[in-house]
Amino acid sequence: MDKRIRLSHRKRRSPLQKVKRSRAFFQCDPKPVVSVIIPVMNEQRTLAGVIREAARVHPKTEIIVVANGCTDGSVRLARRLGAIVLEYKDPLGHDVPRAIGARHAKGEVLLFVDGDMVVPARDLRPFTAAVLSGIDVALNDYDGPVQSQEAHPVVSAKHTLNSFLGRPDIKGASLTAVPHALSRHAVLKIGFEALEKPPLAQVAAVLGGLEIQAVHSVNVGRLNRPRTRLRQQGKGDLLTAIVIGDHLEAAQLLLNRLGPRGGFSDLGRLRERVR
């Protein structure tokens, strides 16, 4: 075969074919310390890299892929690489796969990543190490693009919620952003259902007195691939609306628990003297 033709065939190999050729397998530990949870929806292009980096996080690891609404080779690829695969034919919703993966996890540390961005293992280990050292919730110390003249509404929502929670020190760090890790104790305290809406989980974590820290910065804005097609179809704005809605629901929960001022004082105002 002509050399140029061979090179052309090599470039066109799918991720699944590349895995078969390299025979790169991972075996989940039966008694894991770390459970890595990866929601996946048609992420065949990046999934192999995500799983391989996750496998290097800790010697005793299980990898749980929650495949929802996949129509490509993601499920076969994940199984071929040795991950535990929870397959759902229909899309589950934006953050629902995190809660499902957490329910099936056996580790003492639950590390959450996404299937569409390859985060190197060296940038994942600080989150698991923090939880193993006693932190309940280890967040990504990433504020988002705060230097721009007009802040993105999701960035503003994160900063605002943390201020309401009395945690302005963590700025825009949020359970909405990956990577992040939780202890098993934290997950049981927060509740699996709350993980379906990360801002609600963050409120539950703070009100529950859990130890929360932003431990390491991963610029997911740079790693996350552009979703031009989604923006063209208007779905990018829909996702923003969903995340903002979750933050508003979290703020309402906080007001219900702490009163109409969210726990803030009235600054000594004598309202009865106002005419």
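What the table below lists for this structure:
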| read-out | value |
| --- | --- |
| Selected residue (only one of ALA55, ALA67 is open to solvent by 10 Å² or more (accessible area, probe 1.4 Å) and of a type outside the set (Phe, Trp, Tyr)) | ALA55 |
| Tally, over segment 188-204, of residues that are over 21 Å from PRO153 (Cα atoms) and buried (at least 23 other Cβ atoms within 10 Å of the Cβ) | 2 |
| Some residue of segment 162-169 being touching a residue at least 12 places away in the same chain (Cβ under 8 Å), farther than 22 Å from LEU255 by Cβ and surrounded by fewer than 23 Cβ atoms within 10 Å (Cβ to Cβ) | no |
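The values are calculated or read from the model by the stated rules, or taken from the named source; none is laboratory data. Keep in mind that this is a model prediction, so the values were computed, not measured. Here Cβ is always computed from backbone atoms with ideal geometry, including for glycine, and neighbour counts include all displayed protein chains. For the accessible areas, the whole protein counts, side chains as well, though only heavy atoms, and no ligand, DNA or RNA atoms are used. Shrake-Rupley method; radii C 1.70, N 1.55, O 1.52, S 1.80 Å.
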